[in-house]
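Structure record follows, encoded as structure tokens.
The values are calculated or read from the model by the stated rules, or taken from the named source; none is laboratory data. What you see is a predicted model; the values in this text were computed from it and never measured. Here Cβ is always computed from backbone atoms with ideal geometry, including for glycine, and neighbour counts include all displayed protein chains.
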Amino acid sequence: GVDLNRNYFTPKDPTLYRQPNDKPDSTWDDYGASDSVYSDTYRGPYGNSEPEIKAITKLVNSKHIDTVIDIHSYSNAILYPWGHTTEPTQWDAIYKEVGQEMAKAVNNKYYVEQSVSMYPTTGSSEDYHHVEGRFNYTLEIGNSFYPKSKEELEMLKNEVLAMTKVFMKNLINNKIPTQKFITTYQNTH
């Protein structure tokens, strides 16, 4: 099947889905996702091909959603863009600062890093949302793909809640850039 977190595409930057030297008819040059239908990181036949991705992109665009937290498993990590390059984003300092606050809320059990540091990804939700102007994180929760007990599930739920509260506090206090923030900033500078 298709790895949904390799299926995002935006015409604003097609290289987020496929790097320029990555040809769709071969797998030897794959970077960040695979063209092989047998791979765990299969990107799909084309960007935004999957109904789940179509639904998410339609929702965030039609409702003018400004921020996103995408929850995955596993690694105990708070990841921020980019997944396809080591270049910093314009918001790197904010990503690091707010991410550290989120980690502190769970006793520094989670580490904060640029997504590409874990492994390169193309077609990821975080890169898609960032290019579309949405401040976002990917939370890689837990130590395995699935919780092993009800207690572990409860613990993970509490960790996500604690980190989300910190995120929301920073959003309310205007530390996190939003479209309203960006528009206001651009109009005053």
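Sub-7 Å Cβ pairs linking a first residue in the range 160-189 that is surrounded by 12 or more Cβ atoms within 10 Å (Cβ to Cβ) to a second residue that is acidic (D, E) and modelled with pLDDT under 95, at least 6 apart or interchain, are T178/D66; Q179/D66, ordered by first then second residue. When we screen S36, S62 for residues that are free of Cβ contacts under 8 Å to residues at least 12 places away in the same chain and touching a strand residue (DSSP E or B) at 6+ places or on another chain (Cβ under 9 Å), the only hit is S36. From the set of residues in the range 104-135 that are among the small types (G, A, S) and free of Cβ contacts under 8 Å to residues at least 60 places away in the same chain, which is nearest to P14 (Cα to Cα)? Looking at the filtered set, the residue picked out is S115. Residue count for the range 136-156, restricted to those that are without any contact (Cβ under 8 Å) to a residue 12 or more places away in the chain, of a type outside the set (A, V, I, L, M, F, W, C), surrounded by 12 or more Cβ atoms within 10 Å (Cβ to Cβ) and out of contact with any Leu (no Cβ under 9 Å at 6 or more places or on another chain): 1.
On the basis of being assigned to a loop (DSSP other than H, G, I, E, B), in contact with a Leu (Cβ under 7 Å, 6 or more places away or on another chain) and either under 19 Å from K165 (Cβ atoms) or among the small types (G, A, S) (or both), does G123 make the cut? Taking the combined requirement at face value, the residue satisfies it. When the residues of the range 71-100 are filtered to those that are in contact (Cβ under 8 Å) with a residue 24 or more places away in the chain and among the hydrophobic types (A, V, I, L, M, F, W, C), which remaining residue is nearest to R134 (Cα to Cα)? Ranking the candidates gives W91 first.
Flag: D30 matches the condition of being more than 30 Å from E154 (Cα to Cα) and free of Cβ contacts under 8 Å to residues at least 24 places away in the same chain.
If the condition is being at pLDDT 95 or above and under 22 Å from Y95 (Cα atoms), then the range 139-155 contributes L139, E140, I141. Filtering the range 46-98 to residues that are among the acidic types (D, E) and more than 19 Å from Y111 (Cα to Cα) leaves E50, E52, D66, E87.
Within the range 65-87, the residues that satisfy the criterion of being closer than 25 Å to I172 by Cα and touching a strand residue (DSSP E or B) at 6+ places or on another chain (Cβ under 6 Å) are T67, V68, I69, D70, I71, H72, A77, I78, L79, Y80.
When you look at Y8, is it touching a helix residue (DSSP H, G or I) at 6+ places or on another chain (Cβ under 7 Å), hydroxyl-bearing (S, T, Y) and surrounded by 14 or more Cβ atoms within 10 Å (Cβ to Cβ), yes or no? When the stated conditions are applied, Y8 passes them. The number of residues in the range 7-33 being at pLDDT 90 or above and in contact with a Lys or Arg (Cβ under 9 Å, 6 or more places away or on another chain) comes to 3.
Across the range 63-113, the qualifying residues are those that are polar (S, T, N, Q) and in a loop (DSSP other than H, G, I, E, B), and the one among them that is nearest to K157 (Cα to Cα) is N76.
For the range 39-53, the condition holds for at least one residue, the condition being that it is touching a residue at least 24 places away in the same chain (Cβ under 8 Å), surrounded by 14 or more Cβ atoms within 10 Å (Cβ to Cβ) and part of a helix (DSSP H, G or I).
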